[in-house]
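Peer 1: The structure that follows is given in the form of structure tokens.
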Amino acid sequence: MNSRQPIPVVVLAGFLGSGKTTVLNHLLGNRGGTRIGVVVNDFGSIEIDAMSVAGQVGDSMVSLGGGCLCCAVDGSELDAYLEKLAAPVHRIDVIVVEASGLAEPQEMIRMLMASENPGIRYGGMVEVVDAAEFDATRSRHPETDRHLAVADLVVLNKTDRVDAAERARIEGLLATLCAPGTPVVGADHGRIDPELLFDRRPWTETRGQLSFEDLLAEADDHDHERCSHAHAAYESVEFASGQALSPRRFIDFLDRRPAGLYRIKGFVYFGVPGHEERYEVHAVGRFLRFAPQPWGRGEPRLTQLVLIGSGTDGPGLLRELEACREEAPQELRPESMWGVLRYVAQPARPVEPQAETAEP
């Protein structure tokens, strides 16, 4: 069983030709020191040329030396492979599941949300859309609208193949097909900043042994330059407070967050009696989850947040967060936390031991 915090599982969906695999390859090639577990239904287009020299090949699982694990599965096997990836021995930081060909995204979301595996948690659904073939895709796949309706973040890919007017038209359509406020991120060649989906750890592994990421870097040195250009398209705002935040005002802030605010991550201190632990917050698009965690010994009670978006009013966001400060959290009633607790995953119930039956 994984003794660490549950590993976020991000669902990456999109129809054939949307560029979903290109997005996945970009994430793998620009992950920094993050160890990514990937569940895919077909290795054909995933750049895993390194597998013959950097890992162990099995019938259904490939372990890559650079930290990427890829499994070819069908929907019925998903739980088993997620459990395998979540094993502490792999030290995986995030799992990306390529949904197309496995199951309907709604079914995968339901499965992940209902999972009793304490080693994983649902991390949001990303739908990749082909800007150049958007109308044709909707015509061939009417279920596109249903997928968009449950997406937490939409990547409008291949924007380099349409003009500004056509892009604006598609973005207008997406605004009507997606849930209100769902962010739409423009991209070409699948280049989005991985930080929109998961944290990239510093690359601390010793280079020299041929690894998956070494091979990717050698084969395409300028890919990291392209990633830095993608990162330049987003703004990052940092907020810190030694004063507790009002749970109600903070939830109101989250409910009103603009569509251009793609990701929120960090920890929040509410200080409400009975809820003095720190609350990790993770938001990808419209997806939101809190996870209570104990404070470290001697760790100061702080709120620390990073907000990543595009076209957002950074100073305005900071003013709104400043307005969430709470002077007397100890005087708040426990029900003030209800809005936050609505987004906390309920732990699986422990199995109660059966009573022993007395011998006759």
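Peer 1: Go through (1) touching a strand residue (DSSP E or B) at 6+ places or on another chain (Cβ under 7 Å); (2) modelled with pLDDT under 95 one by one and return the number of the condition Y279 breaks.
Peer 2: (2)
Peer 1: Surrounded by 15 or more Cβ atoms within 10 Å (Cβ to Cβ) and either in a helix (DSSP H, G or I) or modelled with pLDDT of 50 or more (or both): which single residue out of H229, H224, H189 fits that description?
Peer 2: None of the other options fit; the residue is H189.
Peer 1: A follow-up question, please. Restricting attention to the range 57-64, does a residue exist that is within 26 Å of A283 (Cβ to Cβ), crowded, with 19+ Cβ neighbours inside 10 Å, modelled with pLDDT under 90 and of a type in the set (A, V, I, L, M, F, W, C)?
Peer 2: no
Peer 1: A further question follows. So if I check each of G314, G260, G274, which one is over 20 Å from the mean Cα position of the chain (by Cα), touching a residue at least 24 places away in the same chain (Cβ under 8 Å) and open to solvent by less than 30 Å² (accessible area, probe 1.4 Å)?
Peer 2: Step by step, each of G314, G260, G274 is checked, and only G314 is over 20 Å from the mean Cα position of the chain (by Cα), touching a residue at least 24 places away in the same chain (Cβ under 8 Å) and open to solvent by less than 30 Å² (accessible area, probe 1.4 Å).
Peer 1: If you check E116, E107, which single one turns out to be modelled with pLDDT under 85, surrounded by fewer than 17 Cβ atoms within 10 Å (Cβ to Cβ) and part of a loop (DSSP other than H, G, I, E, B)?
Peer 2: E116
Peer 1: Same structure, new question: Can you pull out every residue in the range 1-17 that is open to solvent by 10 Å² or more (accessible area, probe 1.4 Å) and assigned to a loop (DSSP other than H, G, I, E, B)?
Peer 2: Within the range 1-17, M1, N2, S3, R4, Q5, P6, F15, L16, G17 qualify.
Peer 1: Still on this structure, I have one more. Go through (1) modelled with pLDDT under 80; (2) surrounded by fewer than 17 Cβ atoms within 10 Å (Cβ to Cβ); (3) within 25 Å of E104 (Cα to Cα) and name the single condition Y81 misses.
Peer 2: So the condition that Y81 fails would be (2).
Peer 1: Given (1) under 21 Å from A283 (Cβ atoms); (2) at pLDDT below 95; (3) not in a strand (DSSP E or B), where does V96 come up short, assuming only one miss?
Peer 2: The failed condition is (3).
The values are calculated or read from the model by the stated rules, or taken from the named source; none is laboratory data. Computed from a prediction, not measured in an experiment: that's the story for all the values here. Cβ: placed from backbone, ideal geometry, glycine included. Neighbour counts: every protein chain shown. Keep in mind that these areas ignore ligands, DNA and RNA; they rest on the heavy atoms of the full protein, side chains included. Shrake-Rupley method; radii C 1.70, N 1.55, O 1.52, S 1.80 Å.
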